[in-house]
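The structure appears right after this line, and notes come after that.
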């Protein structure tokens with residue numbers, strides 16, 4: 001055999017040997033990697049990236065067998081819907097308690113997590129809120145409520161203390177307070193209705209105290225109408241215009257936050273989500289809040305609070321044990337507090353968690369579980385209820401309220417035709433089985 005052939009043969013042997021070693025090493029890497037279960041959580045809250053980074057880092061430092069990745073992309077809901085269509089599912093999704101949750105649950109995308117022990121640690125109000133978000137009643141539990149927000153009236157605490165104004169507990173006391181503030185030469189309210197969605201803030205805060213929490217479902221079942229249920233809410237939201245800035249439709253959300261931050265109004269009917277924006281203008285403003293006193297009796301008032309973030313497990317998840325370990329970690333007191341420290345809000349878990357100082361005035365309602373969900377969490381986006389409310393408030397005719405309520409009923413049937421049929425069919429089957 002020639003030297004050249006020997007060299008070629010040796011070269012091939014060396015190459016094969018190297019490939020075998022590399023394959024062996026690659027196999028070890030795959031084996032090592034496969035020992036660690038990958039869990040992907042996609043959250044719809046890009047503003048909470050810093051909190052989730054801390055949480056994921058803490059989880060991965062304390063778990064050798066599971067690696068947690070948390071993504072909070074912009075336009076997360078659009079991304080999630082696209083992935084669902086492609087059947088490219090994450091293991092866990094972090095979404096709000098709203099119509100998106102209802103639609104995903106109705107599409108049979110979520111796993112029943114009733115056997116997760118942490119479900120028993122959730123405040124009952126938030127479990128009830130999720131149940132009312134089901135289009136038709138489902139057996140089981142499909143979300144782990146995490147953090148909630150609240151909406152009512154933010155007020156300038158220093159201004160109130162300076163003038164000796166007291167917190168109203170009834171609708172009449174609220175109007176009397178507005179008159180006192182106005183008499184002192186101060187504007188009582190700032191609304192900022194140019195951005196139509198801001199019309200929903202006082203609407204929701206009034207509606208939870210003046211209507212039943214399952215109003216939308218009762219309408220779907222044909223037991224009542226919005227004309228009947230929403231009349232008082234519609235009438236009272238118009239009264240707020242008497243105490244607001246001139247032409248509130250010329251000013252948007254940022255304008256309203258800025259005006260309140262600069263002391264141009266004593267109160268601002270908005271949710272706790274506005275506090276960071278207000279503080280960006282005036283970091284030292286002394287803010288507190290109170291539940292919207294919609295009723296003639298304090299006992300009938302209800303705090304408007306909805307689930308801002310909850311975790312759902314995808315039904316096709318193959319690593320249930322690992323996913324449950326992630327959920328258990330997320331529900332540890334220390335982990336919940338990490339999120340609250342970064343993002344604020346109200347813990348959905350029972351326990352001794354800090355309540356933001358700006359929500360101190362709502363403490364009694366929070367601790368006593370006197371809360372109900374935002375009514376608009378049941379409204380289909382296509383119906384554009386925020387724009388409907390703005391149009392109604394701009395209508396100065398004597399028949400404005402009747403026109404608005406009639407349109408609400410008409411549009412509801414138009415945009416919820418299939419849902420109404422489904423709900424009423426379920427009701428008939430239920431009655432037939434009894």
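The values are calculated or read from the model by the stated rules, or taken from the named source; none is laboratory data. What you see is a predicted model, and the numbers here were worked out from it, not measured in a lab. Ideal geometry is used to build each Cβ from the backbone, glycine not excepted, and the neighbour counts take in all protein chains shown.
Of all the listed residues (119, 70), the sole one being assigned to a helix (DSSP H, G or I), under 22 Å from residue 147 (Cα atoms), without any contact (Cβ under 8 Å) to a residue 40 or more places away in the chain and touching a helix residue (DSSP H, G or I) at 6+ places or on another chain (Cβ under 8 Å) is 119. Looking across 352, 333, 411, one residue alone is within 30 Å of residue 49 (Cα to Cα) and at pLDDT 95 or above. It is 333.
Quick one: is residue 263 within 19 Å of residue 182 (Cβ to Cβ) and in contact (Cβ under 8 Å) with a residue 40 or more places away in the chain?
Working: within 19 Å of residue 182 (Cβ to Cβ): yes; in contact (Cβ under 8 Å) with a residue 40 or more places away in the chain: yes.
It is true that residue 263 is within 19 Å of residue 182 (Cβ to Cβ) and in contact (Cβ under 8 Å) with a residue 40 or more places away in the chain.
Within region 331-356, the residues that satisfy the criterion of being more than 17 Å from the chain's Cα centre (by Cα) and part of a helix (DSSP H, G or I) are 333, 334, 335, 337, 338, 341. The residues in region 272-296 that are in contact with a helix residue (DSSP H, G or I) (Cβ under 9 Å, 6 or more places away or on another chain) and either in a helix (DSSP H, G or I) or at pLDDT below 95 (or both) can be counted, and the count is 9.
Residue by residue, here is whether (1) in the same structural domain as residue 241 (by TED's automatic domain parsing); (2) closer than 18 Å to residue 213 by Cα; (3) buried (at least 22 other Cβ atoms within 10 Å of the Cβ) holds:
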| site | (1), (2), (3) |
| --- | --- |
| 265 | yes, no, yes |
| 279 | yes, no, no |
| 282 | yes, no, no |
| 287 | yes, no, yes |
| 296 | yes, no, no |
| 310 | no, no, yes |
| 313 | no, no, yes |
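Is region 83-105 home to any residue that is under 23 Å from residue 322 (Cβ atoms), over 20 Å from the mean Cα position of the chain (by Cα) and part of a helix (DSSP H, G or I)? For region 83-105, residues under 23 Å from residue 322 (Cβ atoms), over 20 Å from the mean Cα position of the chain (by Cα) and part of a helix (DSSP H, G or I): present.
Consider residue 175 carefully, then state whether it is touching a helix residue (DSSP H, G or I) at 6+ places or on another chain (Cβ under 8 Å), part of a helix (DSSP H, G or I) and assigned by TED's automatic domain parsing to the domain that holds residue 389.
Details: touching a helix residue (DSSP H, G or I) at 6+ places or on another chain (Cβ under 8 Å): yes; part of a helix (DSSP H, G or I): yes; assigned by TED's automatic domain parsing to the domain that holds residue 389: yes.
In short, yes.
Please verify whether residue 133 is within 23 Å of residue 271 (Cα to Cα), under 16 Å from the mean Cα position of the chain (by Cα) and modelled with pLDDT of 95 or more, treating the condition exactly as stated. Spelling it out, residue 133 is indeed within 23 Å of residue 271 (Cα to Cα), under 16 Å from the mean Cα position of the chain (by Cα) and modelled with pLDDT of 95 or more. Residues considered: 101, 146, 155, 89. Of these, the only one that is touching a residue at least 40 places away in the same chain (Cβ under 8 Å) and closer than 30 Å to residue 166 by Cβ is 155. Checking the structure you have, find out if any residue of region 213-224 is more than 13 Å from residue 374 (Cα to Cα), at pLDDT 95 or above and buried (at least 21 other Cβ atoms within 10 Å of the Cβ). Yes; the residues of region 213-224 include at least one that is more than 13 Å from residue 374 (Cα to Cα), at pLDDT 95 or above and buried (at least 21 other Cβ atoms within 10 Å of the Cβ). Summed over region 226-251, the residues that are surrounded by fewer than 16 Cβ atoms within 10 Å (Cβ to Cβ) and either under 23 Å from the mean Cα position of the chain (by Cα) or not in a helix (DSSP H, G or I) (or both) give a count of 2.
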